[in-house]
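The structure appears right after this line, and notes come after that.
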Amino acid sequence: MVLANCKFRALFATKGFDISSRALAAIFGGYIVAATACGLLSLSLPLPKAESVLVAMMLSFLFYLAAALWSFSVRKNWQAWRDLLCISTLLYLIILVVG
Amino acid sequence: MISNTLIFSLLTFSYLALGCMALAMFSHFRDSFKQPPTQAQSRGLYWVGWSILIASYYLGISYLGFAYGSILFIGILSFAGLLVILTASYRPRHLPHLMAGSTSLGVSLMLIS
Amino acid sequence: MKETFFRTMTWLHTWVGLLVCWVLLLVFFAGTVSYYRYEISLWTQPELHSEVFQHYQENHLEQQLAQGQDYLELHAENAKDWRINLPIERKPYLSYSWQTQPKAGQRRGEFIEHVVKTNDQGVVTETRDSKGGNFFYRLHFDLHYMPAKIARWIVGFCTMFMLLALISGIVIHKRIFKDFFSFRRNKGSRSWLDAHNVSSVLALPYHLMITYTGLITLMMMYMPWGVLTAYDGDTRAFRAELNPGREQVKPVGISADMVQINTLLPLVKSYWGETPIKQVVVTNLNDQNSRISFYKNTQQAVTDKRIPLVFSGVTGKLVSDIPDSPSATHATHDTLMSLHTARFSEPLLRVFFFICGIMGCAMIATGTLLWAVKIRQKQQKNIKNGAKPSLGLRLVEGLNLTFIAGLPVATCSFFYANRLLPTEMANRAQWEVNCFFITLTLVAMLACINRTQTSWRFVLRFGAIGLLAIPALNALTSNSHLINNISQQQWALVGFDMMCVLLGGALWFASNKLANKISLSTSSSPAKHKANITPKLASQITSTKGA
């Protein structure tokens, strides 16, 4: 039991796991952040509806970019997941309230 | 109608401007003139380069319109920069001569059109 | 994740770039070539190289439209739509085209285009079956041999990687202004790094623009979430609001006689003045709901919007709204889109776009070559002792050879296939494309066996000779050659030949460089090579090495 636990921990400590975790966070977590930001901006920008959707879409890639950079620059890989998921959940909740 | 001679002369002026900026750098100046630049020379070349650049950009947008002129100018700059780099690394001694030649070509093109 | 932000960005730049660079190179290459999409299409249809060229003629317009309508009524009575395409700078001929009614189970009918000969000599009805420039245009975002949707996601994914690589590249290039004009040649990996920096920095505005606007062009697919929240997912409503006047009206099924198209010309002129017309499209033929749309030649305006004047085909009354001047948002979006497609650019600006595109290809190619050179240096000791290079290195070197040296050769083989395959061959257009990929595969097979500079030189020489011989191929397989194209001022065809010669010359130059290098590397010891790199430079190289 103890041994298994050790192996399990060792797996999480490897460099490969660290990199894949960050990469997945950047790709999927980043996309969710970009998508929710896009959704929220479409609703909340003080422009006619079609225009705010356009602006939101055009800006969303910058959010994606920032999120991807973020997930590689935080100190621990779980922090990337935590931050991106928190931000996107928050954005989603605001969408539910506003929309 | 967009005049091709104007575009060519803008290219030659950009070559001149970027050439000046390259010569404002220590190593390029030394490669071209076999002697290090003085502080004043360096600074002078740098600002001359910038003013020619700004003047030719102004020339471009006043003839071609803001949008088209700006896009074209960025394209011209990339190409002129490439030419300057090629001259500076393959024929550094000829860079000043080529700059003078391109300027006179550009001016005469402007006068013709 | 590394000790410092700078190291992290270096790592990210290396791996993000390396992972997708070959797809990116393919996309960049195809995109660059498609700046000359129409010129390539024209070249690939030698049937159109004589007797059809004409300029836009304002005073013949009325007659041309009348003849067009008569011709289409005679030959395309049951078509889905009609188009009369007037000569523009890049397609200097008049043509009538139509789409046949789609067969059961198909979304679109067949497109047929007949080109009018000048001097009333009839029309050219048979041109060889070829995708021409459209192959490269589609390859640029639809790739090939796979569903378009999947391909677009792959390309979008790679584009996002590219954006990431660009941003991290800017962050790590500390000496961006100090090294602006520096290219140190014959210094091994230092030269590759310089070449990578020069090609990236010089055209940096272009690289950033083309990458970002590339995402924008397909953003409806990549980021539909704004439509989901603001329009409850009603994409159609969003598009209608975005492009008013683009909705298609359905036929009502009551037949009605149509007006003569040319009687609408005075009305069109009253709106557009002397602006040349590019195309006239007729939909719902002979129906109560038929529509005649006029599209203008937007010339040098930085826009991609095609806003037509739409008339009822029965009454000849204007039915479309005249749009107000667009809002700042729409204008920005439109500008970004048109910057990507560069439809507005005149020949010289197009050349600059093309050069910037080539620099983009050079940036990607030098980046991955740099990686391979450095890793090989790292493993040099082991390789000398008889060990095999690592799998990663072999893979990267093989893919480099395939894509960097193979793409020009494959393109060249596409042009040869276009001229040499028999015209009556079944599935001809697809076979031209197959030739492109077969050539690429052959280079890949060579890369599996041998990745030394000898193979590089062989493939580059092969491509160089092929491209240099393109004018000869054109002269032998069409009824016009370089000299009479020049004398008849057919600049599109002349330009195509000259561009091939120029690129062929560049490949030849590159292969000669390699030949010198091979003789150099056998005569001089690697230790001497290393001595060229000053300690300061060496430390920089290791700092960019990443991993």
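The values are calculated or read from the model by the stated rules, or taken from the named source; none is laboratory data. All of these numbers come straight from a predicted model, not from anything done at the bench. Positions of Cβ are backbone-derived with ideal geometry, glycine not excepted, and every protein chain shown enters the neighbour counts.
Go through the range C:166-189 and count every residue that is within 30 Å of the chain's Cα centre (by Cα) and within 14 Å of chain B (Cβ to nearest Cβ).
Qualifying residue count, the range C:166-189: 4.
How many of the residues in the range C:169-193 are in contact (Cβ under 8 Å) with a residue 40 or more places away in the chain and of a type in the set (Val, Ile, Thr)?
So the answer is 2.
Could you give every pair whose Cβ atoms fall below 6 Å, whose first residue belongs to the range B:76-104 and is over 13 Å from B:ASP31 (Cα atoms) and facing another protein chain (nearest Cβ under 8 Å), and whose second residue is surrounded by fewer than 20 Cβ atoms within 10 Å (Cβ to Cβ) and at pLDDT 90 or above, counting only separations of at least 6 or pairs across chains?
As it stands, the answer is B:PHE79/C:ILE355, since those pairs meet every condition given.
Take the range C:308-340 and flag every residue that is closer than 23 Å to C:ALA256 by Cβ and not charged (D, E, K, R).
Within the range C:308-340, C:PRO308, C:LEU309, C:VAL310, C:PHE311, C:SER312, C:GLY313, C:VAL314, C:THR315, C:GLY316, C:LEU318, C:VAL319, C:SER320 qualify.
Taking the conditions exactly as written (free of Cβ contacts under 8 Å to residues at least 24 places away in the same chain and either closer than 30 Å to C:ASP304 by Cβ or under 17 Å from the mean Cα position of the chain (by Cα) (or both)), does B:ALA67 satisfy them or not?
Numbers: free of Cβ contacts under 8 Å to residues at least 24 places away in the same chain: yes; either closer than 30 Å to C:ASP304 by Cβ or under 17 Å from the mean Cα position of the chain (by Cα) (or both): yes.
The answer is yes for B:ALA67.
Collect the residues in the range C:477-499 that are more than 26 Å from C:ILE404 (Cβ to Cβ), in contact (Cβ under 8 Å) with a residue 12 or more places away in the chain and in a helix (DSSP H, G or I), keeping them in residue-number order. Give the derivation first.
Let us first name the residues in the range C:477-499 that are more than 26 Å from C:ILE404 (Cβ to Cβ), namely C:477-494.
Now narrow it down to the ones that are in contact (Cβ under 8 Å) with a residue 12 or more places away in the chain: C:477-480, C:482, C:485, C:488, C:490-494.
Within the range C:477-499, C:THR477, C:LEU482, C:ASN485, C:TRP491, C:ALA492, C:LEU493, C:VAL494 meet the criteria.
Tell me the residue from B:TYR46, B:TYR58 that is aromatic (Phe, Trp, Tyr) and within 14 Å of chain C (Cβ to nearest Cβ), please.
Numbers: B:TYR58 fails: within 14 Å of chain C (Cβ to nearest Cβ).
Testing whether each residue is aromatic (Phe, Trp, Tyr) and within 14 Å of chain C (Cβ to nearest Cβ) leaves just B:TYR46.
Being at the interface with another protein chain (Cβ under 9 Å from one of its Cβ atoms) and touching a residue at least 12 places away in the same chain (Cβ under 8 Å) is true for just one of A:ALA50, A:ALA25, A:ALA35, A:ALA67. Which residue is that?
On inspection, the qualifying residue turns out to be A:ALA35.
Would you confirm whether or not the range A:73-80 contains a residue that is in a helix (DSSP H, G or I), aliphatic (A, V, I, L, M) and either more than 7 Å from chain C (Cβ to nearest Cβ) or surrounded by 21 or more Cβ atoms within 10 Å (Cβ to Cβ) (or both)?
Within the range A:73-80, one or more residues are in a helix (DSSP H, G or I), aliphatic (A, V, I, L, M) and either more than 7 Å from chain C (Cβ to nearest Cβ) or surrounded by 21 or more Cβ atoms within 10 Å (Cβ to Cβ) (or both).
Search the range C:32-50 for residues being polar (S, T, N, Q) and outside any helix (DSSP H, G or I), and hand back the single one that is nearest to C:PHE496 (Cα to Cα).
My answer is C:THR44.
Going by the structure shown, is C:THR159 buried (at least 20 other Cβ atoms within 10 Å of the Cβ) and modelled with pLDDT under 90?
Considered against the rule, which asks whether it is buried (at least 20 other Cβ atoms within 10 Å of the Cβ) and modelled with pLDDT under 90, C:THR159 comes out as no.
Could you please let me know if C:PHE458 is among the aromatic types (Phe, Trp, Tyr), free of Cβ contacts under 8 Å to residues at least 40 places away in the same chain and farther than 30 Å from C:VAL52 by Cβ?
Criteria met by C:PHE458.
Looking at C:ILE254, C:ILE307, C:ILE277, C:ILE292, which one is under 30 Å from A:MET57 (Cα atoms), in contact with a strand residue (DSSP E or B) (Cβ under 9 Å, 6 or more places away or on another chain) and either exposed (fewer than 14 other Cβ atoms within 10 Å of the Cβ) or not acidic (Asp, Glu) (or both)?
So the residue among C:ILE254, C:ILE307, C:ILE277, C:ILE292 that is under 30 Å from A:MET57 (Cα atoms), in contact with a strand residue (DSSP E or B) (Cβ under 9 Å, 6 or more places away or on another chain) and either exposed (fewer than 14 other Cβ atoms within 10 Å of the Cβ) or not acidic (Asp, Glu) (or both) is C:ILE307.
Filter the range C:89-109 down to the residues that are more than 20 Å from C:ASN286 (Cα to Cα), at pLDDT 85 or above and out of contact with any strand residue (DSSP E or B) (no Cβ under 6 Å at 6 or more places or on another chain) and list them by number.
C:GLU89, C:ARG90, C:LYS91, C:PRO92
One line per residue, one yes/no per condition, for (1) charged (D, E, K, R); (2) within 21 Å of C:VAL201 (Cα to Cα):
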site: B:LEU10; (1), (2): no, yes
site: B:GLN39; (1), (2): no, no
site: B:ARG43; (1), (2): yes, no
site: B:GLY49; (1), (2): no, yes
site: B:GLY60; (1), (2): no, no
site: B:TYR90; (1), (2): no, yes
site: B:GLY106; (1), (2): no, no
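What single numbered condition from (1) at the interface with chain C (Cβ under 10 Å from one of its Cβ atoms); (2) surrounded by fewer than 23 Cβ atoms within 10 Å (Cβ to Cβ) fails to hold for B:GLY19?
(2)
Considering only the range C:215-274, state which residues are facing another protein chain (nearest Cβ under 10 Å) and among the small types (Gly, Ala, Ser).
C:GLY226, C:ALA230, C:ALA237, C:ALA240
So if I check each of B:SER70, B:SER9, B:SER32, B:SER113, which one is more than 24 Å from C:PHE353 (Cα to Cα) and within 13 Å of another protein chain (Cβ to nearest Cβ)?
Step by step, each of B:SER70, B:SER9, B:SER32, B:SER113 is checked, and only B:SER32 is more than 24 Å from C:PHE353 (Cα to Cα) and within 13 Å of another protein chain (Cβ to nearest Cβ).
Would you point out which residue out of B:GLY49, B:GLY60, B:GLY101, B:GLY44 is within 18 Å of C:PHE352 (Cα to Cα) and assigned to a helix (DSSP H, G or I)? Spell out how you get there, then give the answer.
Details: B:GLY49 fails: within 18 Å of C:PHE352 (Cα to Cα); B:GLY101 fails: within 18 Å of C:PHE352 (Cα to Cα); B:GLY44 fails: within 18 Å of C:PHE352 (Cα to Cα).
Sole residue among the options that is within 18 Å of C:PHE352 (Cα to Cα) and assigned to a helix (DSSP H, G or I): B:GLY60.
Restricting the search to the range C:3-21, which residues are of a type outside the set (S, T, N, Q) and either touching a Gly at 6+ places or on another chain (Cβ under 9 Å) or closer than 30 Å to C:ALA492 by Cα (or both)?
Once the filter is applied, which keeps residues that are of a type outside the set (S, T, N, Q) and either touching a Gly at 6+ places or on another chain (Cβ under 9 Å) or closer than 30 Å to C:ALA492 by Cα (or both), the range C:3-21 yields C:ARG7, C:MET9, C:TRP11, C:LEU12, C:HIS13, C:TRP15, C:GLY17, C:LEU18, C:CYS21.
Find all pairs meeting these conditions: Cβ atoms under 7 angstrom apart; at least six residues apart or on different chains; first residue within the range C:333-361 and under 16 Å from C:GLY495 (Cα atoms); second residue outside any helix (DSSP H, G or I) and not polar (S, T, N, Q).
C:GLU346/B:ILE2; C:ARG350/C:ALA342; C:PHE353/C:ALA342
Just checking, does the range C:194-202 include any residue being in contact (Cβ under 8 Å) with a residue 12 or more places away in the chain, within 14 Å of chain A (Cβ to nearest Cβ) and not basic (Lys, Arg)?
Our first condition is that a residue be in contact (Cβ under 8 Å) with a residue 12 or more places away in the chain; within the range C:194-202, this holds for C:194-202.
With the extra rule that they be within 14 Å of chain A (Cβ to nearest Cβ), the set shrinks to none.
Within the range C:194-202, not a single residue is in contact (Cβ under 8 Å) with a residue 12 or more places away in the chain, within 14 Å of chain A (Cβ to nearest Cβ) and not basic (Lys, Arg).
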